[in-house]
Amino acid sequence: METIANSAKLINSQYGEECKFYNDSVVKNSHLGNTNSIGNDTNIVNCQFEDNVIINRRNYVNDSIIGRFTYTGLNCTINFAKIGRFCSIARNVDIGGFDHRYDCVSTMPIFRLNNLMGEAVELKDKDLCEIGNDVWIAAGTNILHKCKIGNGAIIGAGAVVTKDVEPYTIVAGIPARPMKKRFSDEIIAALEELQWWNWPIEIINEHRNLLFGKQVDAEVLKEMYKIANSL
């Protein structure tokens, strides 16, 4: 059963079962899956969400695709992004948006000038910022337009990501630089092959202690391959 606050606004949008829309949330031109939660004072525009996506209070999410079980913290802004499954996005994170040219007379984006003159707005440069699955983005991070973040990466708090990040790599700093890889190349290759985030949710739930509660080693990978081969 859905929960829709009196002050929530759902405009030209579809949503699945057991969704929650809190006070002063706005969802426009979007398609949401089951069991989504949209926090107070949050705006969702032109988006597609899979099941079990949680968007916290005072977020703005525009022209983006978000995979199942991904959640955000307070005060996040996400523009023109494709975000995978099981991602953890902390508070005060800014993802995507547009570049401003600095080799012209003005740095003002021309589409804003067109809009002021009442002309149709044409956004020609909407390449998505792509974030993989099981990515942890810590508080205060800024991920710039068009960056690609690999599966399993970790972005340290306050980082400014200006370049692509390899899978299962920890980056931090301004600009963000690689600190280390989370695992050996062999383990990373295995996890990339297994793609556990695409398993049926019943299987993930059944083996949650293996996936979320044990340090990765050869035995864990062996068990994961056994599960994958049984699907």
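Axis of helix 185-194 versus longest Cα principal axis of the chain: the two differ by about 70°, to the nearest ten degrees. Taking 7 Å steps out from each Cα toward its Cβ at residue 65 and residue 41 produces label points 3.2 nm apart. Placing a label point 7 Å from the Cα of residue 74 along the Cα-to-Cβ direction, the residues of segment 28-54 whose backbone N falls under 20 Å of that point are 37-44, 54. Protein heavy-atom surface of the chain, 1.4 angstrom probe: 49% of the accessible area is carbon and sulfur, with nucleic acids and ligands not counted. Subtracting the Cα-Cα distance of residue 216 and residue 9 from their residue separation scaled by 0.36 nm leaves 70.1 nm. Net length available on complete extension from residue 179 to residue 107 is 22.6 nm, with 0.36 nm assigned per residue and the Cα-Cα distance removed. Note on residue 28: lysines with a C-alpha under 25 Å away, same-chain residues under 8 apart excluded, are 9, 20, 82, 124, 126, 146.
Please state the relative contact order of the chain as a whole percent: Cα pairs under 8 Å, 6+ residues apart? Relative contact order of the chain: 9 percent. Each label was represented as a point 7 Å from its Cα along the Cα-to-Cβ direction; for residue 193 and residue 231 these points are 1.5 nm apart. Residues in segment 185-207 near a label at residue 166, defined as backbone nitrogen under 13 Å from the 7 Å Cα→Cβ point? Taking a point 7 Å out along Cα→Cβ of residue 166, the residues of segment 185-207 whose backbone N falls under 13 Å are 185-189. For the chain, a simple Cβ point-charge model (Lys and Arg +1, Asp and Glu -1, everything else neutral) yields a dipole of about 540 debye relative to the Cα centre. Computed over protein heavy atoms with a 1.4 Å probe, the accessible surface of segment 125-231 works out to 56 Å² per residue.
Classify segment 5-69 as rounded, prolate or oblate, taking a ≥ b ≥ c as the square roots of the eigenvalues of its Cα gyration tensor: rounded when a/c is under 1.5, otherwise prolate if a/b is larger than b/c and oblate if not. In terms of gyration-tensor shape, rounded.
Taking Cα atoms only, the orientation of helix 218-230 departs from the longest principal axis of the chain by about 70 degrees.
Considering only 66, 155, 132, and ranking their Cα positions along the charge dipole of the chain that arises from unit charges at the beta-carbon of Lys, Arg, Asp and Glu, the one farthest toward the positive end is 155.
The values are calculated or read from the model by the stated rules, or taken from the named source; none is laboratory data. No experiment lies behind these values; they were computed from the predicted model shown. Note that each Cβ is placed from the backbone with ideal geometry, even for glycine, and that neighbours are counted across all protein chains shown. These area figures cover heavy atoms from the full protein model, side chains too; ligands, DNA and RNA do not enter into them. Shrake-Rupley method; radii C 1.70, N 1.55, O 1.52, S 1.80 Å.
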